[in-house]
Amino acid sequence: MRLSNYFLPILKENPSEAKIKSHQLMLRSGMIRQSSSGIYSWLPLGFKVLKNIEKIVREEQNKAGAIELLMPTIQSADIWKESGRYDDYGKEMLRIKDRQDRDLLYGPTNEELITQIFKDNVRSYKNLPLILYHIQWKFRDEIRPRFGVMRCREFLMKDTYSFDISKQDAVNSYKKMFLSYLKTFEKLELKAIPMQASTGPIGGDLSHEFIILTDTGESEVFLDKNLLKIDIKNIGYSEKNTSEIIEKYSKFYSATDEKYNKTEFDNLVKKENQLHTKGIEVGHIFYFGDKYSKSLKALINSKEGKNINPQMGSYGIGISRLPAAIIEAKYNNQFMKWPKSITPFQVAIINLGKNGDDADKKSNEIYQILKINHFDPLLDDTSESPSSKFKNFDLIGIPYQIIIGTKMNKDEYEFKELGKDKVILSKDEIVNRLKEIYNSDK
Ligand code: P5A
């Protein structure tokens, strides 16, 4: 993409309404714009990041055996009345009436609707276990939407639902999702720590939040530093692997302030391993047995020929919260560096020349070469000053830059990984370097 043809409205100053660095950066770098309180438009740069995150989440769900479908944003109130949550959800639920005066709502979550789909289409234990998911916008009329897309009213969630015949099988599905969450966040280059959590309006007695450690998050957390050392690379989804990993995690203390107990923390964790910091909840998983299958009368035929209510769990990831969470974790107030798995563009070409000069020609040439080699570069071909170009790219956060000055020799280019020193490379070396970077984990 050539910047002169793109839509990237960059702001020079921090907007006064943005209190935390992710909100400031997302507005300044032209990723999002607020349309009304807690409701945002995703501009092209932000939309690319959002789609890249969605892709990683999807890939890992598929690997864990979950099957994608798509449910609507608007739901009938009837199923919520049946489950008893129509009243429980209170003012957080956006209620709508259609022209026939029927009660509808904008879904804050989908336990009821998926149970209805299951009930109408699955009869036998032979079809279980079944894990279904979708990626869809949700609406929650949060009392205090804040921090941009971190806590907003309309947000994109990946929500998965598991159906099993027995509690033991349901716990296995839960564990599988637990591992898939760890893997998903690792691919996003985030260290997410699972923590025992309360279940709130979703219900059930087993639940974990996945929290990214930052010094600005909304949740206060207490944990054993050993949790940061657990390695989950190259671990497949076999039952044995999954159980082993979960055992490793359960050995060490972690709690949000809701569940924190000082005496327990001091007794279980050596002083030098104690970590008290803040964090952002990027995922939340629940096992709630037959809470919905019973109230909505979903029945399946067991092996023994009995009609029973399936055991269920639900598993959420805040996809539209993740760009903000990643910025909180990675932006050092000087420059942003997107993880290479989700960067909006793979490499920036910063042309410091003028229309038609050597630098300009070299920039166009390397741009074409990178396109031919299937890379996704952003070429800054605008007439802004070099210092303003560099400032803008510190905000945009593309992790690799090719800087093309006017004083370089013919086949010499400055190549820079953000935060590291520049090196001088030829065209071929640049292509090879980028192939090493971007194709290494394919
Ligand atoms: C799990 C999937 C649920 O809704 N039902 C379906 C369960 N869980 S949850 O914890 O309430 O939400 C899941 C994740 O969604 C993100 N999230 C939000 N993101 C932005 N703004 C909000 N207002 C918001 N509310 C929830 C969080 O990442 C949460 O973990």
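The values are calculated or read from the model by the stated rules, or taken from the named source; none is laboratory data. All figures in this text were calculated on a predicted structure; none of them were measured in a lab. We place every Cβ from the backbone using ideal geometry, glycine too, and count neighbours over all the protein chains shown. Keep in mind that these areas ignore ligands, DNA and RNA; they rest on the heavy atoms of the full protein, side chains included. Shrake-Rupley method; radii C 1.70, N 1.55, O 1.52, S 1.80 Å.
Odds and ends about this structure:
- The length gained on full extension between Asn5 and Lys19, counted as 0.36 nm times the residue separation minus their Cα-Cα distance, comes to 1.9 nm.
- Rounded percent of accessible protein surface that carbon and sulfur make up, the chain, 1.4 Å probe: 48
- Across Met408, Met150, the residue with the most accessible area heads the list, and the full order at a 1.4 Å probe is Met408, Met150.
- Computed magnitude of the charge dipole of the stretch 14-86 (debye, nearest 20; Cβ of K, R +1, Cβ of D, E -1): 360
- For the cross-link pairs Lys91/Lys259; Lys55/Lys126; Lys337/Lys422; Lys330/Lys354; Lys354/Lys391, the ones whose C-alpha atoms lie over 22 Å apart are Lys91/Lys259; Lys55/Lys126; Lys330/Lys354.
- Loop sites in the stretch 259-330: trypsin sites (Lys or Arg not before Pro), DSSP, at most 13 other Cβ within 10 Å: Lys270, Lys297, Lys303, Lys306
- Here is the result for the stretch 219-294: no chymotrypsin sites (Phe, Trp or Tyr not before Pro) lie in DSSP coil with at most 10 other C-beta atoms within 10 angstrom of their C-beta.
- With a simple spin-label model that places each label point 7 Å from the Cα along the Cα-to-Cβ direction, the separation between Glu186 and Glu436 comes to 2.4 nm.
- The length gained on full extension between Tyr237 and Glu82, counted as 0.36 nm times the residue separation minus their Cα-Cα distance, comes to 52.2 nm.
- Near Gly305: Cβ cut-off under 14 Å, other residues only, Lys/Arg at +1 and Asp/Glu at -1. The net charge is +3.
- Relative contact order, percent, the chain [alpha-carbon distance under 8 Å, six or more residues apart]: 17
- Model label points for Lys422 and Asn332, set 7 angstrom from Cα along the Cα-to-Cβ axis, are 1.9 nm apart.
- Dipole of the chain, positive direction: furthest Cα of Tyr40, Tyr89, Ser198, with charges on the beta-carbon: Tyr40
- All distinct Cα pairs of the chain go into the 1/r average, and the inverse of that average, the Kirkwood radius, is 24.0 Å.
- Separation of the Asn267 and Ser41 label points, Cα + 7 Å toward Cβ, nm: 5.7
- Total charge dipole magnitude, the chain, about the Cα centre, Cβ charges on Lys, Arg, Asp, Glu only, Debye to nearest 20: 240
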